[in-house]
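*Asks:* Mind having a look at this structure? Questions to follow.
The values are calculated or read from the model by the stated rules, or taken from the named source; none is laboratory data. Model, not experiment: these values are computed from the prediction. In this analysis, Cβ positions are derived from the backbone assuming ideal geometry, glycine residues included, and neighbour counts consider all displayed protein chains.
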Amino acid sequence: MLKNSILSLIKSSSHNEKDFKSLEKIYELYEQLQYSSNIKQVAEDIYEWLNRNYNVDNVTFSLFDMKNNKKENIYVKGQEFYLDDDKSFFFIINTHTSQNAIVSFSATSKTHYTVLEAEYNAIESAFFQISPIIQSGILKKNYIQANSIDSVTNVYNRQYLTEHVNKLINLSHKDKNEVFFLMVGIDRFKAVIDEFDYDIGDKVLIELARVIHSNISEFDLVARLSGDEFLVSILSTAQEDEVKAICEKLIQDFAQVEIQINEEATLKKTICIGYDKFEASTNTMDQIIKNSDTALYEAKNKGRSSFLAFKDIKEEDNIDLF
């Protein structure tokens, strides 16, 4: 048991200098993890500790959901390896939640493996000592996801957008950038639900979220507002020509997606996009959402696979939808 490993190490450290040094390393890790802000930071700090003290280069930190029989890699560093490799080690850390943490790493040579094998009890003891910190990180991660992630598409939800997008806007002001907001909607989405069912509708939404993510920067934000509408904040560029190119690419890529209906049939759908530019002197968050949604409405009036800027809407066509 992990508990027995740490107790044995503490007992022997009083007269064994090697074990005493191992204990120092363990509490060095424990203290470092006190400053970790999230579970990914915990995983990075564990890697740094293993690398610094044991010359370990190849590490994977993952979570295993016992209810769903699903593994999620939180942090991967170094070369790929497998748990049944002859030079690999893995430790399962019971966090008393539905998710257990798995820390696995691989030696670089047989000699290195022998060294790590000799240190096995000390490393195992370290993981026992930090297990409450890992448990806390998992609980925090699950809480944040439950309150900020759309359960169907795994993009942010409206609540997260409302609470956090102002931080992004403030950042853009600091960098003197403009922020473009894209409202993306699926053409005749209700017909999918009417003709098929909500499961097929969810598949369409999931594919659209995937296409959006594949065409934007890691600094951009995607949120599902409601139904089939996604709001995308573009922080990665201040050039409208680049924003137009993103719109064109989203429309083209999604039009090629085939959603499996059954063994014999697939479904293709199209999207339209409306966008507007946020300017602090004239816009609020509510206004930018309204403007982008109005532009989306007018883009759909133009026909499928269209996009339109709010500023390009003719005054007589600008209907107050709210």
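*Asks:* Could you please find all residues in region 1-15 being surrounded by 16 or more Cβ atoms within 10 Å (Cβ to Cβ) and either free of Cβ contacts under 8 Å to residues at least 12 places away in the same chain or among the aromatic types (Phe, Trp, Tyr) (or both)?
*Replies:* The answer is 13, and nothing else.
*Asks:* Moving on to the next point. Counting only residues that are among the small types (Gly, Ala, Ser) and surrounded by 15 or more Cβ atoms within 10 Å (Cβ to Cβ), which one in region 130-152 is farthest from residue 50 (Cα to Cα)?
*Replies:* The qualifying residue farthest from residue 50 (Cα to Cα) is 148.
*Asks:* Report yes if some residue within region 16-34 is farther than 17 Å from residue 121 by Cα and surrounded by 12 or more Cβ atoms within 10 Å (Cβ to Cβ); otherwise report no.
*Replies:* yes
*Asks:* Let me ask you something else. Are any residues in region 185-199 of a type in the set (A, V, I, L, M, F, W, C) and either loosely packed, with under 13 Cβ neighbours inside 10 Å or closer than 16 Å to residue 301 by Cα (or both), and if so, which ones?
*Replies:* 186, 189, 191
*Asks:* Still on this structure, please answer the following. Applying the selection to region 217-236, what residues are without any contact (Cβ under 8 Å) to a residue 60 or more places away in the chain and surrounded by fewer than 21 Cβ atoms within 10 Å (Cβ to Cβ)?
*Replies:* 217, 218, 219, 220, 227, 236
*Asks:* So which residues in region 117-175 are at pLDDT 75 or above, within 16 Å of the chain's Cα centre (by Cα) and polar (S, T, N, Q)?
*Replies:* 142, 148, 151, 153, 154, 157
*Asks:* Considering only residues of region 238-265 that are touching a residue at least 60 places away in the same chain (Cβ under 8 Å) and closer than 16 Å to residue 179 by Cβ, which is surrounded by the most Cβ atoms within 10 Å (Cβ to Cβ)?
*Replies:* 247
*Asks:* Has region 185-206 got any residue that is at pLDDT below 80, of a type outside the set (Phe, Trp, Tyr), outside any strand (DSSP E or B) and within 23 Å of residue 307 (Cβ to Cβ)?
*Replies:* For region 185-206, residues at pLDDT below 80, of a type outside the set (Phe, Trp, Tyr), outside any strand (DSSP E or B) and within 23 Å of residue 307 (Cβ to Cβ): absent.
*Asks:* Which ones in region 73-91 are touching a residue at least 24 places away in the same chain (Cβ under 8 Å) and in a strand (DSSP E or B)?
*Replies:* If the condition is that a residue be touching a residue at least 24 places away in the same chain (Cβ under 8 Å) and in a strand (DSSP E or B), then 74, 75, 77, 89, 91 are the ones that fit.
*Asks:* With the checklist (1) touching a residue at least 40 places away in the same chain (Cβ under 8 Å); (2) farther than 25 Å from residue 21 by Cβ in hand, flag the one item residue 130 doesn't pass.
*Replies:* (2)
*Asks:* Out of curiosity, is residue 249 modelled with pLDDT of 95 or more and under 28 Å from the mean Cα position of the chain (by Cα)?
*Replies:* Criteria met by residue 249.
*Asks:* Taking the criterion of being more than 26 Å from residue 141 (Cβ to Cβ) and basic (Lys, Arg), would at least one residue in region 40-62 satisfy it?
*Replies:* no
*Asks:* Tell me, yes or no, whether region 57-72 has at least one residue that is under 29 Å from residue 114 (Cβ atoms), part of a loop (DSSP other than H, G, I, E, B), in contact with a strand residue (DSSP E or B) (Cβ under 9 Å, 6 or more places away or on another chain) and free of Cβ contacts under 8 Å to residues at least 60 places away in the same chain.
*Replies:* yes
*Asks:* While we're looking at this one, here's another question. Residue check, residue 33 against (1) under 14 Å from residue 132 (Cα atoms); (2) without any contact (Cβ under 8 Å) to a residue 24 or more places away in the chain, all met but one. Which one?
*Replies:* Exception for residue 33: condition (2).
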